[in-house]
Amino acid sequence: MKVIVQTAALAEALALTGAVVAQRTPKPVLQCVKLTAEKELLTILATDLEVGCRYNVTAVKVEEPGEALLPADRLASIVRESAGDESLTLLTEKSACVVQGAGSRWEVPGFDPAEYPAVADFDNKPDIQVSAVELVAMIGKTIFATAKAHSHYAISGVLMEAAGKKFQLVATDGHRLAQVKAGLSKSVASEISAIVPAKLMAMVQRTSFGQEETLELAVRDGKILVRSARAVLVSSLVQGNFPKYADVIPKDTNRKAVLKTLDFEHRIRQAAVMTNEESRGIKLSFKSDRVNISSRTPEAGRAEATCAAKLDGEPVEIAFNPTFLLDALKVCSAEEINFEMNASNKPAVIRAGGDFLYVLMPVDLN
Amino acid sequence: MPRRIIHVDMDEFFAAVEKLDRPELAGKPLLIGGDPRGRGVVSTASYEARPFGCRSAMPMSTAIRLCPHAVVLPVRYDRYRQLSNQIFAILEQFSPLVEPLSIDEAFLDVTGCQRLLGPAEHIAAEIKRIIRQETQLTASVGVAPNKFLAKLASDLRKPDGLVAISEENVHNVLDPLPASKIWGVGPAGAKELEKLNVCTIGQLRLLPEKMLADRFGDWGLHCHRLARGIDDRPVTPDSQAKSIGQEETFPQDVAEMEELRAVLLGHVQEVARRLRRQGLSARTVTLKLRYGDFTTLTRAKTLPEPTDVTDTLWQTAREIFDAWAGRNFRPLRLLGMTASGLGGQAGRQLGLFQDDRQKMQERLDEATDSIAERFGRKAITRGPARTDAETNDPPTA
């Protein structure tokens, strides 16, 4: 193999593929990326056996087709330290791979490319077509709510559902639930429901797309594939049951407050100063025209902040983990939110911007 | 005011309860524990069995070989728990500061109760009298200015003893005792001290502190403090505790995984019950593992949410135990379990989904607790531990 590749294009490719490569693995080949050069295209493959990425670099001149397997972090370091060079030359020599810059040369003992696991390719019709910008925004509104800890529910990923032209993402960690809806320009052929690992969603988030780019999604054989102009991302789906989330979205609420998002967020941060690991709750006391936000920790002290709010319904006191509130306010991208409640021990709902819904359970006040 | 601490230790507790329930067993050597056909161990050997060399934590088959005419009985934890609850209720009448050490052992701080109830020695005698009157069981009681001395005192005249150590006679009592009586000095530690010609606590006390510190570090200082009769540890009732734990030192190192798991489950059940009794939940589970050479490891795991559910605590404890056993299993001299990161119900994050399994476990705990408080449990057959080897009667839980 011998290719001359634009350094910046290679750097961009490695930023994405490098994020897939397993950090700790007993198998050295899994710490590598696989390079395949053919027909004026350099394909970079990475996989941790769960998530895979196939990235096409077109800013390349293939002088001799071939394959190479290289440790991802070494290659990334080389590229990082060669930012001043317009291009790099990659070539294989016997058992080593050589990278040449202007006035620099690295020789990396290569692995056998045949040892690298296969990464599924996008070779079918897409099931869903969605704007890249929109999907990235939707992921941002849900991914934070996925469960980090083990649960007997399959909630370590984002539930992706599509039917007709309706498309939505749902994520929950058992304490709060985020849901975001969108419309598709083309109807899906059949209903889709799949739990996509948070890692793949995060990969999609960090991939750089063109403003107008459309992503193609395919779900089959327990896998999801996402194709953009440059990359194909693939992942096994999360197996298991997603909880019946529709049941926990309150149908009716007897109290509704309207709040300015930025002001509310700011006041919550002020009140949260006096929370700590043991006493994580802040108390919201809703009055007709405001909400008093307070926190109290025996050792640390107490904090109080007031935020304007229009309350429709009886005054109520309800406590929440401030992080759960802030997580939603940060991403809802709306000037105003509706905050709906029933009682201090019942789920509350934040609605914002018409597409975003967030259900959160309070902290016990007693 | 100098502190007055009482240590109450029930005499051959399991055996005593069996004799209470079946008077015909009085005077006979009893071995209470697992089935000798399995890999059961002795939980309690009655005083009559001890001259034959029978000891707790010894394999039951060995104990029977040593004392073939002994009566072998299964562990009836439910019944012991019932009497234990009765005994703790008595202790709590004397002082709010009662720190349970195990099912049959507790510290009381009666420093502040003496004006009301009389001198500590008198309180100790009353405790013994009322326990005997209400349960017909005997306790050995020690009275002293601190925990170390109180526990040592209760051990001096077993059974049915009452020994008081005052600040005046502390050296008279301590000095002639072997150094191994010091909490933290086992066979290995005793051997180290022998190299310095130290056999008794008195000899240890007279060594220069600096020499012990240089040679043994913190352990040396700890031993020297105790040898001088100094121990500042407070008596902490569960309700004020930062952590609730239970541990057991085995007379001989235990190499059987299943036995260790059974011991661990026993600890978990006790700790969980004590948590619930105080309305507390714990976030962190810590195991303490000590090898025969006194190397001590602690392994902890923190849960995403605090819990008081026995099953959740047990799953966590077992994960830690199995992870340890899978990597560096060695016979254990001591196994302990502690729950920390304690908090009450207030401030607890509520869950979004009705978790049926969790609800079921909570109901199960509630039921077993209330049965235990009122009648004693018929049989504890939770999980893989306390196996058939330990319970001869059919499980009825």
Discussion item. Can you find a residue that is part of a helix (DSSP H, G or I) and surrounded by 19 or more Cβ atoms within 10 Å (Cβ to Cβ) anywhere in segment B:275-283?
Written reply: yes
Practice prompt. Have a look at B:PHE216, B:PHE294 and point out the one that is open to solvent by 20 Å² or more (accessible area, probe 1.4 Å), closer than 28 Å to B:ALA188 by Cβ, touching a Cys at 6+ places or on another chain (Cβ under 9 Å) and not β-branched (Val, Ile, Thr).
Written response: B:PHE216
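Residues checked against (1) open to solvent by less than 10 Å² (accessible area, probe 1.4 Å); (2) over 18 Å from A:SER285 (Cβ atoms); (3) touching a strand residue (DSSP E or B) at 6+ places or on another chain (Cβ under 6 Å):
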| position | (1), (2), (3) |
| --- | --- |
| A:LEU325 | yes, no, no |
| A:ALA328 | yes, yes, yes |
| A:ASP355 | no, yes, yes |
| A:PRO362 | yes, no, yes |
Worksheet item: Out of all the residues in segment B:102-131, which are among the hydrophobic types (A, V, I, L, M, F, W, C) and in contact (Cβ under 8 Å) with a residue 40 or more places away in the chain?
Response: B:ILE103, B:ALA106, B:PHE107, B:LEU108, B:VAL110, B:ALA120, B:ILE123, B:ALA124, B:ILE127, B:ILE130, B:ILE131
Fill in: Pick from segment A:135-179, criterion more than 14 Å from chain B (Cβ to nearest Cβ), over 13 Å from the mean Cα position of the chain (by Cα) and charged (D, E, K, R), ranking: farthest from A:ILE195 (Cα to Cα)
A:LYS165
Item to complete: Scan segment A:296-307 and give yes if some residue there is polar (S, T, N, Q), over 32 Å from the mean Cα position of the chain (by Cα) and within 14 Å of chain B (Cβ to nearest Cβ), otherwise no.
Response: yes
Worksheet item: Based on what the data block shows, is B:VAL110 crowded, with 17+ Cβ neighbours inside 10 Å and under 19 Å from B:ASN146 (Cα atoms)?
Response: yes
Discussion item. Being over 31 Å from the mean Cα position of the chain (by Cα), polar (S, T, N, Q) and farther than 23 Å from A:GLN179 by Cα narrows it down to one residue among A:SER228, A:SER285; which is it?
Written reply: A:SER285
Worksheet item: Which pairs have Cβ atoms under 7 Å, sit 6 or more apart or on different chains, and link a residue in segment A:20-34 that is open to solvent by 70 Å² or more (accessible area, probe 1.4 Å) to one that is hydroxyl-bearing (Ser, Thr, Tyr)?
Response: A:GLN31/A:THR25
Discussion item. Pull out all pairs, ordered by first then second residue, where Cβ-Cβ is under 6 Å, the residues are six or more apart or on different chains, the first lies in segment A:328-349 and is closer than 13 Å to A:PRO250 by Cβ, and the second is open to solvent by less than 30 Å² (accessible area, probe 1.4 Å) and among the charged types (D, E, K, R).
Written reply: A:VAL349/A:GLU340
Discussion item. With modelled with pLDDT of 90 or more, more than 9 Å from chain A (Cβ to nearest Cβ) and over 24 Å from the mean Cα position of the chain (by Cα) as the only criterion, which of B:ALA323, B:ALA339, B:ALA317, B:ALA300 stands out?
Written reply: B:ALA323
Item to complete: Any chance you could count how many residues in segment B:127-175 are in a helix (DSSP H, G or I), touching a helix residue (DSSP H, G or I) at 6+ places or on another chain (Cβ under 9 Å) and of a type in the set (A, V, I, L, M, F, W, C)?
Response: 10
Worksheet item: How many of the residues in segment B:231-274 are hydrophobic (A, V, I, L, M, F, W, C) and part of a loop (DSSP other than H, G, I, E, B)?
Response: 3
Worksheet item: If B:GLU270 passes every condition in (1) under 27 Å from B:GLY184 (Cβ atoms); (2) open to solvent by 10 Å² or more (accessible area, probe 1.4 Å); (3) at pLDDT below 90 but one, which one does it miss?
Response: (2)
Item to complete: Kindly list the number of the only condition in (1) within 20 Å of A:ALA328 (Cβ to Cβ); (2) open to solvent by 40 Å² or more (accessible area, probe 1.4 Å) that fails for A:THR306.
Response: (1)
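The values are calculated or read from the model by the stated rules, or taken from the named source; none is laboratory data. Because the structure is predicted, anything quoted here is derived from the model rather than measured. All Cβ positions, glycine included, derive from the backbone under ideal geometry; neighbour counts span all protein chains shown. Only protein heavy atoms, including side chains, enter the accessible area calculation; ligands, DNA and RNA are left aside. Shrake-Rupley method; radii C 1.70, N 1.55, O 1.52, S 1.80 Å.
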